[in-house]
Amino acid sequence: MGTDFPRDLTETDATSASADAAPALHPSTVAVTAGRPAAAPDAPLNTPITMASTYRAGGDVEYGRFGNPTWSAFEDALGQLEGGRALAFSSGLAAVSTVLDLVGQGGKVVAARHSYNGTVMQMADMEARGRLTCVLVDITDTEAVVAACEDAVLVWLESPTNPALEVADIPAITAAAHEAGAYVVVDNTFATPVLQRPLEDDVDIVVHSATKYLSGHSDVLLGAVVTRDEELFSVLKGRRELMGAVPGTFETWLALRGLRTLHLRVERAQSNAAELVRRLGEHPAISEVRYPGFGAIVSIVLSEGAMAADLLTRKTKIWVHATSLGGVESTFERRRRWKTEPATIPDALVRMSVGIEDVEDLWNDLRTALDQLVLPA
Ligand SMILES: *Cc1c(COP(=O)(O)O)cnc(C)c1O
């Protein structure tokens with residue numbers, strides 16, 4: 001079966017960059033120092049927003065769809081954080097589509113059944129048009145995922161998943177997928193490179209919705225792919241040029257500005273989440289708390305059902321009822337309010353994106369709302 005992925009993974013791998021692509025500095029230092037203009041007297045500390053559709057002839061860029069210095073600054077920083085080379089896209093789904101489009105006609109894709117809804121819908125749409133075949137798997141069942149890898153060209157992982165918060169054994173699955181000749185993608189949106197760096201586990205491509213934690217302020221739509229494989233990098237860059245899903249200049253600038261505090265935001269949101277998980281688990285209005293042990297996304301299931309879940313999302317003052325995640329502010333929603341959400345997600349599940357506010361304020365706001373949902377015995 002044909003694939004447009006550039007190389008046969010069963011052959012010896014001569015093209016990937018070696019481990020020295022990994023940054024020598026700690027992520028928090030990289031987040032602050034990477035993607036800056038070269039040091040020179042009076043050079044600005046920050047990369048300017050370069051608004052240019054074209055460039056004087058004779059250089060490396062030439063045209064606005066081929067490159068931009070502001071994109072490059074963001075890509076440099078994200079690439080260093082993930083330990084590879086990054087390319088920015090107009091949205092997370094633009095990055096997802098560009099990678100999926102590398103699957104040759106009729107190729108088999110193995111994917112986490114609880115991947116981001118838009119990703120699963122994209123795959124279903126491609127399958128309906130005969131572009132690829134898709135096998136959805138439970139990523140917590142490593143044996144089943146490995147068995148499904150036979151004849152696959154691509155294994156699509158998301159870990160933790162959204163909003164089931166399942167975690168995959170990324171190194172084991174990646175090794176098995178490579179043995180079967182399949183490429184491995186990890187959507188690293190939830191964990192961010194502060195908590196998980198899949199390229200170090202030999203994953204071929206990391207995908208991001210930079211809309212979420214990387215930008216972190218709920219004001220940007222942006223996506224990215226990161227890889228250590230030079231050949232994949234140039235194929236993906238070529239596809240970005242041809243398919244045109246290029247990022248906006250201002251968006252990449254804002255995302256780079258957001259990246260500067262990624263480590264602080266993730267640490268604070270994560271510690272808030274861990275504390276809330278401890279308290280939520282004891283509240284009688286909640287029958288289940290899902291938390292993978294890291295990150296700042298928590299899913300709760302309301303004992304009294306979907307209506308209680310809907311009520312909760314309308315009764316708080318600090319927690320904002322909104323979709324999306326990864327911003328400084330705490331947001332939540334009942335996921336099944338979306339018709340496209342799979343039936344395997346409980347109807348009364350509320351996904352919470354814990355922000356960086358004071359945890360006592362977050363808890364008081366939640367508890368006040370939750371207390372009203374407990375029916376008298
Ligand atoms: C939001 C999201 C996407 C899609 O990104 P957009 O920027 O909204 O296009 C992909 N994957 C995950 C895990 C997401 O949360």
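The values are calculated or read from the model by the stated rules, or taken from the named source; none is laboratory data. Keep in mind it's a predicted model, so treat the numbers as computed, not measured. Counting neighbours? That spans all protein chains shown, and the Cβs are built from the backbone with ideal geometry, glycine included.
Structure values in brief
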| read-out | value |
| --- | --- |
| Residue in the stretch 200-212 that is within 16 Å of the ligand (Cβ to nearest atom), among the basic types (Lys, Arg) and in the same structural domain as Ser91 (by TED's automatic domain parsing) present | yes |
| Scope the stretch 96-142; condition away from the ligand (no atom under 16 Å from the Cβ), assigned to a helix (DSSP H, G or I) and among the acidic types (Asp, Glu); matching residues | Glu127 |
| Contacts under 7 angstrom Cβ, first residue in the stretch 231-249 being more than 12 Å from Ser97 (Cα to Cα), partner at pLDDT below 95, 6 or more apart | Glu231/Pro6; Glu231/Arg7; Glu231/Thr15; Leu232/Pro6; Val235/Pro6 |
| The stretch 310-339, residues that are among the small types (Gly, Ala, Ser), surrounded by fewer than 22 Cβ atoms within 10 Å (Cβ to Cβ) and on the phi < 0 side of the Ramachandran plot | Ala322 |
| Some residue of the stretch 7-14 being modelled with pLDDT under 95 and of a type in the set (Gly, Ala, Ser) | yes |
| Among (1) crowded, with 24+ Cβ neighbours inside 10 Å; (2) assigned to a helix (DSSP H, G or I); (3) not hydrophobic (A, V, I, L, M, F, W, C) - the single one Ser215 does not satisfy | (2) |
| Residues of the stretch 174-212 satisfying the condition of being aromatic (Phe, Trp, Tyr) and assigned to a strand (DSSP E or B) | Tyr183 |
| Residue, surrounded by the fewest Cβ atoms within 10 Å (Cβ to Cβ), within the stretch 81-95, restricted to residues that are in a helix (DSSP H, G or I) and within 14 Å of the ligand (Cβ to nearest atom) | Leu93 |
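Conditions tested, residue by residue: (1) exposed (fewer than 15 other Cβ atoms within 10 Å of the Cβ); (2) over 18 Å from Ala86 (Cα atoms); (3) under 21 Å from the mean Cα position of the chain (by Cα); (4) of a type in the set (Lys, Arg).
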{"residue": "Arg240", "(1), (2), (3), (4)": "no, no, yes, yes"}
{"residue": "Gly248", "(1), (2), (3), (4)": "no, no, yes, no"}
{"residue": "Val266", "(1), (2), (3), (4)": "no, yes, yes, no"}
{"residue": "Leu276", "(1), (2), (3), (4)": "no, yes, no, no"}
{"residue": "Ala296", "(1), (2), (3), (4)": "no, yes, yes, no"}
{"residue": "Ala308", "(1), (2), (3), (4)": "no, yes, no, no"}
{"residue": "Glu341", "(1), (2), (3), (4)": "no, yes, yes, no"}
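One line per residue, one yes/no per condition, for (1) crowded, with 16+ Cβ neighbours inside 10 Å; (2) outside any helix (DSSP H, G or I); (3) modelled with pLDDT under 95:
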{"position": "Ala31", "(1), (2), (3)": "yes, no, no"}
{"position": "Gly35", "(1), (2), (3)": "yes, yes, no"}
{"position": "Pro44", "(1), (2), (3)": "no, yes, no"}
{"position": "Pro48", "(1), (2), (3)": "no, yes, no"}
{"position": "Met51", "(1), (2), (3)": "no, yes, no"}
{"position": "Arg56", "(1), (2), (3)": "no, yes, no"}
{"position": "Glu75", "(1), (2), (3)": "yes, no, no"}
{"position": "Gly79", "(1), (2), (3)": "yes, no, no"}
